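These notes are about the structure you will find just below.
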Amino acid sequence: MADMNAVKKMVGVSLMALCLILPQIARLQPTAEPFHPMDGLTAVEIEAAVSILRESGRTSDRARFPTLTLLENEKAEVWSWREGMPFTRRAFAIVMEDGQVFEAEINLTDSAVESWQQVEGVQPRVLLEETAVNDLLWADSRWQEAMSARGYDPNAPIFCTPLTPGPVLPAEFAGRRILYSSCFDIADDELMAFGLPIEGLMGIIDVGNQEVLDVIDLGVVPRATDRPSLEYEHSSRYRPSMKPVIIDTPEGSNISIKGSTVSWDNWHFHIRTDQRVGPVVSLVTYDDQGERRPVAYQISVSEMFVPYMDPAATWSWKAYMDVGEYGFGLLSSVLQRGSDCPASALYLDQVLPDDSGSPFVLEDSVCIFERPLGSPLWRHVGETIASVPAVELVVRMAPVVGNYDYMVDYVFSKAGDLDIRAGAAGIDAVKAVAAQSLADLSAEEDTAHGNMIGNGLVGINHDHFFSFRVDLDVDGIENRAVYDNVVTEQLSKGDTRRSIWRVEEELIPEEGVLQKQMGSGYLRIVSNTKTNKLGYQTGYQLYPGHNSMSVLSEDDALQERAAWSAKPVWLTRYDSKELYASGEYPNQNADVDGLEQWAADEDSIENEDIVLWYTVGFRHITRAEDWPGMPTLWHSFRLRPFNFLDASPVMDVVPE
Ligand SMILES: [Cu+2]
């Protein structure tokens, strides 16, 4: 819940922070008043939005706000906005009250409700207040019996999870607001709360009516003997510590921030935190000889899909959509100075509304820092030696969704590249099994759906798919998508060579999946209105990184609602309402919604405003080294200037 004193204090001091330019400070608090049209709702605006709705008679103090966020102004208006110009502020809210769901658009400038409508048959994201399910479960006699059979009483230190059930629910539960829950023994180590599963048992909870609907008991599985903990803390087995290796800016930071607008090297962009998608990077421009040229209007995560691969009744439904079902921004964590980000980084506090619509402060939830790569941005050795060090700017946030700690990075290079990276750490989701090692009789059966990663613990196979929404506006909104096909050209007999390859440019005329093999050629988003000095349309190239795609069958209900995860690249025509790859309401939703739906009408994207959707996929076949703490694993893709400039962007970087 919101600490209002903290909020008020924050509002008071933030006026001072408004005009500060780094490097004087290493921590930036939210501004009291919106400074820029893209700023997230301020504490005052969050409270105003709630009171405008209440005073209009539409809500009471029972109202809950799964969504309360900035409703952005029209794109053209935002692109043309300049500092000092007035702007209208609006909020978008999803309101739950007495089992009903409403969507509201609130004009904060005029204190008016502009739109209010009921939405039938949807379940907004899980509320934080719904996540405490222990007591509810223990009040049920079926649960008491099942737990007693496993040696637990109501005083036992256990932790029960609030898990979204996915799209396939028993018919008798239709229309109810459901969470599934399985529990963990946390007697040994609360930090590793997901380490010791109480297996074969789950509760089905109607959180709307606060009742346990059913208890599924597949039979007792002995507690695993492998107890994850930070036992190294209590032992002398730490490896010898090393002398410090640090990132530092001894003469001060090169980053300047005004309000929420960041400038670094040739880059300028706006950053805010959204409760649903986490960090939102907007209005990305690149300073080309004094001209700020648009590259992207907005970039953020749009959805995540994490399907597990175990057919058991207590596992088969596990296919979380962490962004839409829980909220990446809401679950973002405090970044630790010196380990999560360099100690010298700039740390940003962000304001978000809680479930009841009260503002609270997420402290140190975004970090921004420069880092040297220890490698050259460019080098050449001729008569003399030239070498230019590579330094890049990183914007980072770390949402923690249950057992996983994710990280989302936006990395800006001095060469005009923009890397978008997703990291995963934390703890694997494990299943307790009878076998303690592969030597045991039941091991073959027990490890059919994952590798044993600890004694009596199987890390169930799963995927992590991150959908990034990349609204590129390369030199304006009028863009086209072209694909550089690499084709083999046969040469006639008698030539030295029998084959070479050449590039055939192909226009992608319509919305939809990009039907290309990643890496065989390259997609570019190019301007229809601007060319570089050589006459090429200015553009940015998608340089795909590592991606695994979903291999679930198309008729799998879990896959149907995440159709985007089967293909790495989708293209759509810009629509300000098309934000989330699985639609506004993924929770419990069996209907296909989102990207596949939007692309189905095959709108033309020729000389239009194009949005690129990229899936970063990571197939997680678990391993012993994941247990108990999984070392951070990164996956990424790159946006690269391609004939965007007239020449190399690094020739004006001062060599060392
Ligand atoms: Cu994983």
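The values are calculated or read from the model by the stated rules, or taken from the named source; none is laboratory data. Source: prediction; values computed, not measured. Cβ sites come from the backbone with ideal geometry, for glycine too, and all protein chains shown count toward neighbours. Accessible surface areas use protein heavy atoms only, side chains included; no ligands, DNA or RNA. Shrake-Rupley method; radii C 1.70, N 1.55, O 1.52, S 1.80 Å.
Entry note, the chain: relative contact order of 14 percent, from Cα contacts under 8 Å with a spacing of 6+ residues. In plain terms, the chain from residue 623 to residue 27 could stretch by 210.7 nm, reckoned as 0.36 nm per residue minus the Cα-Cα distance. Shown in residue order for segment 171-185 are the 3J(HN,Hα) couplings computed by the Karplus curve 6.51 cos²θ - 1.76 cosθ + 1.60 at θ = phi - 60°: 3, 5, 9, 4, x, 8, 9, 10, 10, 9, 9, 10, 10, 9, 7 Hz (x for Gly and Pro). Backbone geometry of segment 457-473 corresponds, through the Karplus equation with coefficients 6.51, -1.76 and 1.60 at θ = phi - 60°, to 3J(HN,Hα) couplings of 10, 10, x, 5, 4, 6, 10, 10, 10, 9, 9, 9, 9, 10, 8, 7, 10 Hz, x marking Gly and Pro. Note on the chain: Cα-Cα pairs beyond 33 Å make up 51% of the total pair count.
Pull out a ≥ b ≥ c, the square roots of the eigenvalues of the alpha-carbon gyration tensor of segment 392-486, then state rounded if a/c is under 1.5, prolate if not and a/b is larger than b/c, and oblate in the remaining case. Prolate, because a/c is 1.5 or more and a/b exceeds b/c. Rolling a 1.4 Å probe over the protein heavy atoms gives the chain an accessible area of 44 Å² per residue. Residue 199 contributes about 20 Å² of solvent-accessible surface, heavy atoms of the protein only, 1.4 Å probe.
For segment 174-211, the residues whose amide N sits under 16 Å from a probe point set 7 Å from the Cα of residue 98 along the beta carbon direction are 209. Across segment 362-405, the relative contact order, built from alpha-carbon pairs under 8 Å that are at least six residues apart, equals 42 percent. The largest accessible area among 642, 194, 65 belongs to the first residue in 642, 194, 65, and the rest follow in falling order (1.4 Å probe, all chains). Would you mind classifying segment 200-315 by shape? Square roots of the alpha carbon gyration tensor eigenvalues, ordered a ≥ b ≥ c; an a/c under 1.5 is rounded, otherwise it is prolate if a/b is larger than b/c and oblate if not. Oblate shape, in that a/c is at least 1.5 and b/c is the bigger or equal ratio. Angle of helix 4-18 to the longest C-alpha principal axis of the chain, folded into 0 to 90 degrees and rounded to 10: 10°. Could you work out the helix-only [θ] at 222 nm for the chain, with each DSSP H run of four or more residues adding -39,500 (n - 2.57) and the total divided by the number of residues, to the nearest 500 deg cm²/dmol? Taken over the chain, the calculation gives -2500 deg cm²/dmol. In summary, the lysines within cross-link reach of residue 577, defined as a Cα separation below 30 angstrom excluding same-chain residues under 8 places away, comprise 75, 258, 318, 516, 530, 567. Between residue 117 and residue 384, how high is the FRET efficiency from 1/(1 + (r/R0)^6) when r is the Cβ-Cβ distance and R₀ = 60 Å? Nearest 0.05. Efficiency computed from Cβ-Cβ geometry: 0.30.
Note on residue 218 and residue 549: the model spin-label points, each 7 Å out from Cα along the C-beta direction, lie 3.0 nm apart. Listed peptides 442-451, 371-380, 605-614 appear in the order 605-614, 442-451, 371-380 once ranked by packing, highest mean of other Cβ atoms within 10 Å at the front. Once the Cβ-Cβ distance of residue 556 and residue 251 is raised to the sixth power relative to R0 = 45 Å, the FRET efficiency obtained is 0.20. Averaging the Cα positions of each part gives two centres, and for segment 384-431 and segment 602-656 these lie 10 Å apart. Sorting the segments 486-497, 342-353 by their residues' average number of neighbouring beta-carbon atoms within 10 angstrom, most packed first, yields 342-353, 486-497. Stokes-Einstein diffusion of segment 269-310 at 25 °C, 0.890 mPa s viscosity, Kirkwood radius from Cα pairs, rounded to a whole number: 199 µm²/s. Our coupling estimate for segment 321-326, obtained by passing each phi through the Karplus curve with A = 6.51, B = -1.76, C = 1.60 and θ = phi - 60°, is 10, 4, 7, x, 8, 10 Hz, Gly and Pro reported as x. Descending by average beta-carbon neighbour count within 10 Å, the peptides 400-406, 53-59, 167-173, 78-84 line up as 400-406, 53-59, 167-173, 78-84, the highest first. Taking the 1.4 Å solvent-accessible surface of the chain as the whole, the part contributed by carbon and sulfur is 49%. In this simple spin-label model, placing a label point 7 Å from the Cα along the Cα-to-Cβ direction at both residue 448 and residue 531 gives a separation of 6.3 nm. When only Cα pairs below 8 angstrom with a gap of at least 6 residues are kept, segment 456-517 shows a relative contact order of 28 percent. Cα gyration tensor of segment 421-533, axes a ≥ b ≥ c as square roots of the eigenvalues: rounded (a/c below 1.5), prolate (a/b > b/c) or oblate? Since a/c reaches 1.5 but b/c is at least a/b, the shape of segment 421-533 is classed as oblate.
Each label was represented as a point 7 Å from its Cα along the Cα-to-Cβ direction; for residue 79 and residue 105 these points are 2.1 nm apart. If R₀ is 60 angstrom, what is the calculated FRET efficiency for the pair residue 61 and residue 241, using the beta carbon separation as r and rounding to 0.05? Result of the calculation: an efficiency of 0.70.
Within the same chain, aspartates and glutamates fewer than 8 places from residue 431 are excluded, and of the rest, those with a Cα less than 17 Å from its Cα are 185, 199, 217, 226, 310, 440, 444, 445, 446, 463, 625, 626.
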